[in-house]
Every structure is written in C-alpha cells, then in structure tokens.
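Notes for the one structure printed next.
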Amino acid sequence: MRTQSKLYFYIALSAILLFIIAVWSLNTGVYDFGGRSAFEVLGKLIREDSGVSVSDKYIVWDVRASRIIMAILIGSMLSVSGTSLQGLFKNPLATGDLIGLTSGATLMAAITIVLGRHFREFFPEAVQFSLVGIAAFIGSLLAMLLVYRISTSGGKTNVVMMLLTGVAISAIGFSIVGFLIYISKDDQLRDLTFWNMGSLAAATWTKNAILAVVLVFSFSILMPKGKALNAMMLGEKDAQHLGINVEKLKKEVIIITALMVGSCVAFSGTIGFVGLIVPYILRLLFKSNYAFILPLSAICGSILLLTADTFSRSIVEPSELPIGILTAMMGAPIFIAILIKFKKSM
Amino acid sequence: MKKLILAVSVLAAVSSCKKETSKPTENKAEVSSEAPKTNNKIVTLNGGITEIVSALGHDSEIVATDVTSTYPESLKATAKDLGHVRSMTIEPIMAVSPTLILASDKDINPDLVGKIKASGIKTELFKQEFTVGGTKKLIADVAKAIGNTDYQKLNDKIDADLKQVQPIAKKPKVLFIYARGNMMMVSGKNTPMAALINLAGGENAINDFEDFKPLTPEAVVKANPDVLFFFTSGLQGSGGNEGALKMPGVSQTNAGKNKKIIAMDGGLVSGFGPRLGEAAVALNKLLVENTK
C-alpha cells in the first residue's frame with residue numbers, strides 16, 4: 001500500500017508540472033494578442049465573451065491549445081510504447097524505432113509524398129489531405145505484421161529474432177526511402193526532410209480526438225500490465241511459472257505498440273528518442289518496477305514532448321525548429337550513457 | 001483680377017488635396033491612375049507574386065513575404081520574412097494580422113493550406129506557368145485579387161522588353177547548374193531556367209528529363225553545352241569561374257574549353273513575374289556576348 005500511495009504522489013507531482021508547462025506553452029508564441037496575455041483571451045473564450053476577435057480565438061484555441069494537447073497525447077503514447085517494449089524485451093534499447101515500426105511508417109509516408117501525385121486523385125477529397133498520415137499508419141502496422149510473422153514459429157515469438165528482423169526491415173525501408181529521395185523534386189525533398197524530423201504544427205482538434213481514442217483504448221489494455229512486465233524480467237520461463245500468459249502478453253504489447261506508434265507517426269512525422277529517454281530516466285529513479293514506471297512514463301512523456309515543442313516553436317522565431325531535432329539532441333547523450341553502462345555486459 | 005483667380009484656384013487645389021488625403025477611400029476612382037488605396041495587409045508567399053503586387057504599386061500593403069521574395073529589396077525593411085514556404089507554420093503568418101494571403105498552389109504545403117483555410121483569412125492560390133502567356137495570366141489574376149485592374153502596362157512592358165531580344169544565329173546550348181552547398185543539380189525540361197533560356201534565344205542543353213537532376217560528369221560531357229549558366233550566389237558558393245571550370249566533366253565541354261560561364265540573379269531568373277522581359281533581355285545579352 002505504501003508504494004501505491006507513493007505512486008499517486010509522484011503522479012500528482014508530475015501532473016502539476018505538466019499543467020504548469022502547458023500554461024507556459026499557451027502563452028508562448030509570436031502572435032500578439034494586442035497587449036493581452038493568452039490567458040485573458042482564453043478566459044474570455046470560456047465565458048463566451050463576445051469581445052474576442054476571430055483571429056485571437058483561432059490562435060489560442062485552434063493553434064496553440066490544440067497543439068499543446070497533441071504534444072501531451074503523442075508524448076504520452078510514444079513514451080508508454082517505449083516503456084512496454086523495453087519491459088517485454090528486457091532491453092533498454094527496444095523502441096518502436098528498433099523493431100522497424102517507425103521505418104515502416106516512414107517508408108509509406110515517403111512513397112506518398114514523392115509518388116502521391118500519381119495516385120492521389122483516386123481517393124476522395126477528404127482523404128487526400130491526410131493521405132500521408134494514413135499511409136504512415138498502414139506502414140507501421142505492416143512492418144509490425146512482418147516482424148511478428150518472421151519471428152514467430154509454433155506460436156512462440158523469439159525476441160532476438162524480432163529485434164534482428166526489425167533491423168533488417170529498417171535497412172530495407174531506409175534504402176527505398178533513399179531511392180525516393182534521389183528521384184524526388186525540390187519541394188518533395190523538403191516535405192520529406194521535414195516529415196522525417198517531426199512536427200506538431202499540423203495539430204487540429206479532429207486529429208486530437210482520434211489520438212485520444214487510440215490513447216484511451218491502448219492505455220486501458222497496457223496499464224494493468226505492470227506486474228506481468230515485472231515478472232518478464234525473470235525470464236520467459238519463470239514468468240510462465242508465475243501464471244503469466246507470456247505469448248498473449250507479447251501479442252498484446254506488440255499490437256498495441258504498433259497501433260500507438262503508427263497513429264503518432266501518422267499525425268506528427270517521426271519524433272525519435274522519446275520512447276527511449278523517458279523510460280530510461282524513470283528506471284534510474286525508480287528501478288525497473290513497471291507497475292510504477294508504466295503510469296509515470298505516460299505523464300513524463302507528455303512533459304518531455306510538450307517542453308520540446310514549446311522550445312521548437314519559440315527559439316528561432318518566426319520559423320520553427322523541427323521537434324525531432326530537439327528530442328534527438330536530448331536523446332542521443334542518454335543513448336550514449338546507456339551504451340557505456342551496458343558496455344561490460346554486451 | 002488675374003492674381004485673385006490664381007489665388008482662388010490654388011486654394012481650391014490645396015483644399016481638394018486635403019480632402020483626398022483625409023478621405024482616401026471615397027476617392028478611389030480619382031486616384032486610380034496610381035494604385036488604388038486599399039487597407040489590405042497582404043502576405044505574399046512566392047517571389048514572382050511579390051514582384052507583381054509590388055509592381056502594381058501595392059508594396060506598402062505587403063506585410064510579410066517568404067524567403068524567395070528578394071525583389072524589390074526595399075521590402076526587406078518593411079515586410080517580415082517568414083522563411084521557406086515548405087516549413088512555414090500558421091502562427092507567424094497570423095502574427096502579422098493579414099487580410100489577404102497570396103501564394104502559388106505548388107509551393108505551399110497541404111497542412112498549411114488547411115490551417116490557413118481554417119483561420120478564415122482570404123487566400124488566393126495561383127497556378128504558375130513558366131511561359132510568357134502564363135506570366136501575363138498570373139499578373140492579371142494577382143491584379144484582380146488585390147483589386148487593381150490597371151495591370152496592362154506590366155504585360156505591355158514584358159512584350160516591349162521581349163522585342164529587344166536579339167536573335168542568335170547559332171543557338172547556343174546552355175546548361176543551367178543549380179549549385180546549393182555541395183549538391184549540384186542541372187535543369188531539364190519544364191524548369192523556369194529552360195523556359196527563360198529559350199526565350200533568350202538559347203537552347204536548354206538537357207532535354208532528356210524534366211525538372212532537376214544531380215549533375216554527373218557523363219551527363220555534362222554528353223550535353224556538351226556552349227555556355228554554363230549559374231545563379232550569381234550559386235557561382236560564388238562554388239568558387240567562382242575557376243571553381244565552375246574544375247567541376248567534373250566541365251573541361252571536356254565547349255563551355256569549359258572556351259571558359260564561357262555566365263551568372264544572373266536567382267530571383268530575376270526564376271521569378272517569372274513582371275521582370276520576365278528584363279530577365280530574357282539580360283540573358284540574351286550575355287548569350288550574345290558569349291557566342292561571338
């Protein structure tokens with residue numbers, strides 16, 4: 001019970017921190033509300049005051065607030081997917097990137113960006129604008145399916161095979177993307193580059209609603225898995241003896257992770273390292289107790305991504321730095337730290 | 001008596017002037033020989049479109065532009081630079097509180113188009129074609145969008161300028177090299193450069209492919225251009241004429257052997273706006289000099 005109340009304390013603490021960052025983020029940006037703060041405008045909006053101009057409302061609600069919510073949703077999902085995969089594979093480097101999900105998504109997105117003009121018109125207009133996102137989602141699911149098929153035999157999934165297949169799929173994906181880059185035109189090349197560095201600039205409430213549905217569904221399945229993941233640390237056989245259905249656990253974690261990574265990549269492009277950094281820091285603080293770090297990573301991922309996004313849109317005004325650059329900048333040193341720590345055991 | 005009439009007429013003139021400045025909106029028709037005064041705050045997101053708006057006398061209404069809008073230079077001081085149109089986001093655009101956004105339909109990325117539409121700001125996306133007819137149509141379309149019908153003089157000037165292009169007996173083969181950092185691209189068919197080269201009495205050296213492709217030594221030797229054509233900035237970045245002559249394959253070509261290298265301002269070459277005629281004449285002059 002003591003650990004339980006400790007968990008609630010940390011969750012409350014990080015939730016307050018997240019709220020403070022969200023407030024700061026709402027008031028950060030190049031748009032000027034005629035000397036007023038964003039809070040005043042938001043307050044008036046909530047009170048349905050008629051004195052708010054259309055532009056002010058648009059910026060506060062449709063641009064900044066929707067973007068903040070998207071950062072919270074995506075940060076949370078990327079981080080939880082990383083935490084679950086790392087728990088499942090007992091490997092601190094296991095993330096959506098590593099088992100090929102991101103590269104599958106990137107490949108399909110690149111195909112749509114570069115070759116899209118040949119098939120775009122066959123889709124209804126409502127779908128055309130989100131074609132890249134849909135393709136990315138399908139790409140991530142396909143990669144997952146392929147990895148799973150190759151690494152499963154006789155109903156059992158071999159984890160090492162899975163990681164190796166992920167490496168192979170990434171290699172194939174990046175070589176084809178390389179070819180697409182070669183044949184792409186100037187503007188396509190730019191789209192591709194920016195997509196590969198990730199951005200939350202295209203946030204809308206519709207996208208947030210879809211992401212929220214995915215999040216609620218995924219978390220309701222993954223969050224109760226903390227104890228099962230703890231058991232997995234003993235090894236698959238011992239976990240089985242403890243009454244964990246290991247194969248079912250693997251299946252669930254992998255499918256849900258693909259769903260989350262796919263949806264995130266679909267709406268924001270590839271944002272690396274979030275799934276790597278957050279679980280790593282949490283493990284340093286709270287040891288590898290997944291019942292503890294799984295729910296915490298959900299909030300800490302949001303904190304990380306929202307902070308990164310707020311910086312990304314305020315340090316090089318009036319343009320913005322792609323968010324993937326910032327997360328990579330934060331993530332790469334941690335990646336190196338992991339490598340050094342595990343040097344002896346590798 | 002004469003003095004009196006003069007004094008009265010001067011007074012009348014002065015007072016009418018005052019009226020005009022105090023109520024500019026009511027006198028739209030009277031001042032239409034200049035640009036009609038509107039309260040537009042325009043964001044232009046394409047170099048050619050920026051030039052058109054400015055040439056129609058509306059440069060004071062431009063509040064922000066993209067990175068390709070390099071002409072007229074005075075805009076640098078009065079309009080905000082929003083960076084490259086592919087990486088632009090909505091908030092900096094909204095921050096200049098525009099009433100009208102003008103862009104080319106190809107440049108702007110779909111996400112931003114969606115955001116701009118949602119913001120409710122009046123937006124016009126133009127189709128840009130790299131031909132004389134396409135340029136004239138663009139001028140007419142942009143003029144209509146900003147409420148200025150007095151655009152014929154711009155189109156007439158293009159025609160007048162184009163008449164000054166001297167025919168060149170033996171059309172020189174011109175290879176445009178787009179140098180950007182370490183990346184070298186050559187322009188094929190359907191590029192603004194190919195179109196301008198043709199207008200200026202030359203022949204685009206490579207017609208096997210459309211758009212731009214990376215430069216390879218074999219392709220350069222095979223194309224065997226008579227003249228190499230750069231953006232001024234690109235040529236500087238590649239180490240000037242000497243750098244260009246050292247590029248792989250160049251020394252094997254007529255252009256390399258005869259050291260025929262020319263450069264023009266990027267905005268002038270690729271803008272396809274009101275200065276199209278000027279650009280063609282300038283390139284024609286360079287080609288004539290280099291084919292003697």
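The values are calculated or read from the model by the stated rules, or taken from the named source; none is laboratory data. The shown structure was predicted, so the numbers you read here are calculated from the model rather than taken from an experiment. With ideal geometry, Cβ positions are generated from the backbone for all residues, glycine too; neighbour counts draw on all protein chains shown.
Things worth noting here:
- For region A:1-74, the helices (runs of 4 or more DSSP H) that sit wholly inside it and include 3 or more residues that are within 14 Å of another protein chain (Cβ to nearest Cβ) are A:54-57.
- Filter result (more than 17 Å from A:Ser66 (Cβ to Cβ), more than 27 Å from the chain's Cα centre (by Cα) and surrounded by 14 or more Cβ atoms within 10 Å (Cβ to Cβ)) within region A:12-32: none
- Flag for A:Leu294 being farther than 26 Å from A:Gly133 by Cα and either surrounded by fewer than 22 Cβ atoms within 10 Å (Cβ to Cβ) or within 14 Å of another protein chain (Cβ to nearest Cβ) (or both): no
- Residues within region B:228-273 that are in a strand (DSSP E or B) and more than 19 Å from B:Gly47 (Cβ to Cβ), tallied: 3
- For region B:214-233, the set of residues classified as within 23 Å of the chain's Cα centre (by Cα) and surrounded by fewer than 20 Cβ atoms within 10 Å (Cβ to Cβ) consists of B:Thr232, B:Ser233, listed by residue number.
- Check on A:Thr102, buried (at least 24 other Cβ atoms within 10 Å of the Cβ), under 16 Å from A:Gly262 (Cβ atoms) and among the β-branched types (Val, Ile, Thr): yes
- Failed item, numbered, when A:Leu163 is tested on (1) surrounded by 15 or more Cβ atoms within 10 Å (Cβ to Cβ); (2) touching a strand residue (DSSP E or B) at 6+ places or on another chain (Cβ under 7 Å): (2)
- Every pair of residues 6+ apart whose Cβ atoms lie under 7 Å, when the first sits in region A:280-296 and is of a type in the set (Gly, Ala, Ser) while the second is assigned to a helix (DSSP H, G or I) and surrounded by fewer than 17 Cβ atoms within 10 Å (Cβ to Cβ): A:Ala291/A:Lys227
- Residue check, A:Lys250 out of contact with any strand residue (DSSP E or B) (no Cβ under 7 Å at 6 or more places or on another chain), basic (Lys, Arg) and touching a residue at least 12 places away in the same chain (Cβ under 8 Å): no
- Condition met for A:Leu131 (more than 10 Å from chain B (Cβ to nearest Cβ) and either crowded, with 17+ Cβ neighbours inside 10 Å or free of Cβ contacts under 8 Å to residues at least 12 places away in the same chain (or both)): no
- Some residue of region B:30-41 being away from chain A (no Cβ under 14 Å), closer than 24 Å to B:Asp105 by Cα and at pLDDT 90 or above: no
- For region A:185-206, the candidate set comprises residues that are crowded, with 18+ Cβ neighbours inside 10 Å and aromatic (Phe, Trp, Tyr); within that set, the residue that is farthest from the other protein chains (Cβ to nearest Cβ) is A:Trp195.
- Going through (1) in a loop (DSSP other than H, G, I, E, B); (2) farther than 28 Å from B:Ser69 by Cα; (3) touching a Gly at 6+ places or on another chain (Cβ under 6 Å) one by one, B:Pro225 falls short only on (3).
- Every residue from region A:207-228 that is out of contact with any Ser or Thr (no Cβ under 9 Å at 6 or more places or on another chain) and either at the interface with another protein chain (Cβ under 10 Å from one of its Cβ atoms) or not aliphatic (A, V, I, L, M) (or both): A:Phe217, A:Ser220, A:Pro224, A:Gly226, A:Lys227
- The one condition in (1) in contact with a helix residue (DSSP H, G or I) (Cβ under 6 Å, 6 or more places away or on another chain); (2) within 14 Å of A:Ile255 (Cβ to Cβ); (3) of a type in the set (Lys, Arg) that A:Arg149 fails to fulfil: (1)
- Enumeration of residues in region A:200-226 that are of a type in the set (Ser, Thr, Tyr) and modelled with pLDDT of 95 or more: A:Ser218, A:Ser220
- The residue that is surrounded by the fewest Cβ atoms within 10 Å (Cβ to Cβ), counting only those in region B:71-103 that are part of a strand (DSSP E or B) and within 12 Å of chain A (Cβ to nearest Cβ), is B:Asp81.
- Checked against the criteria, A:Leu326 counts as crowded, with 17+ Cβ neighbours inside 10 Å, away from chain B (no Cβ under 14 Å) and free of Cβ contacts under 8 Å to residues at least 24 places away in the same chain.
- In region A:302-322, the residues that are at pLDDT 90 or above and among the aliphatic types (A, V, I, L, M): A:Ile303, A:Leu304, A:Leu305, A:Leu306, A:Ala308
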